[in-house]
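Heads up: the structure comes next, in structure tokens.
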Amino acid sequence: MKVTEDSYAEQPALEWLGEAGWDYLSGTTLAPDLAPQERSTARDVVLRETLTGAITRLNPDLPADAVTRVVELAMTGSHPEVIRDHQSFHQLLLEGVPIDWLDGDGIDRSGRATLVDFDNPDRNEFTAVNQLSIEGGGKVVRRPDVLL
């Protein structure tokens, strides 16, 4: 039997993640023309519909328009330097996304929308995606073995 990167590393990693409770998606099913609700362009790496569903589930008091704003804020870079941008996003993961909204009675509310439930990990979604084609600058296309 020929040993390949796929048989030696990628498939065992996906099997292990599956045993640990992670969901699996093939990157080939997430092409923008096949799953435009998740990825509108081949540059997108965030699964938009999945993120929206998670924010809705984790923040049941937020109306739909506030959920949409939280998704946009979470997906929008905050700094031109990559390291600072990642640091900012890390803070959003830990502390939540600051958001203001009107409740059902028209009262102004504010708070932080949770992106990850650290107290109840089973409420989060964990998905491993393999072979997702991602367009970079120019005509460069990257296809990581596994993305989490």
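The values are calculated or read from the model by the stated rules, or taken from the named source; none is laboratory data. Quick caveat, the model's predicted, so the values are computed rather than measured. Please note: Cβ atoms are built from the backbone with ideal geometry, for glycine as well, and neighbour counts cover all protein chains shown.
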Residue under question is Val45, and the condition is that it be β-branched (Val, Ile, Thr) and surrounded by 12 or more Cβ atoms within 10 Å (Cβ to Cβ); does it hold? yes
Could you tell me whether any residue of segment 76-85 is under 30 Å from Gly137 (Cα atoms), surrounded by 11 or more Cβ atoms within 10 Å (Cβ to Cβ) and within 15 Å of the chain's Cα centre (by Cα)? yes
Can you tell me which condition Asp100 does not meet? The list is (1) at pLDDT 95 or above; (2) charged (D, E, K, R); (3) in the same structural domain as Arg39 (by TED's automatic domain parsing), and all the others hold. (3)
Restricting to segment 7-35, give me the number of residues that are without any contact (Cβ under 8 Å) to a residue 40 or more places away in the chain and surrounded by 13 or more Cβ atoms within 10 Å (Cβ to Cβ). 3
Kindly state which helices (runs of 4 or more DSSP H) lie completely within segment 43-148 and contain at least 3 residues that are of a type in the set (Val, Ile, Thr) and under 29 Å from Thr28 (Cα atoms). 48-58, 64-75
What pairs come up if the first residue lies in segment 57-75 and is more than 16 Å from Leu102 (Cβ to Cβ), the second is crowded, with 20+ Cβ neighbours inside 10 Å and not aliphatic (A, V, I, L, M), and their beta carbons are under 8 Å apart, counting only those six or more places apart or on different chains? Leu58/Thr114
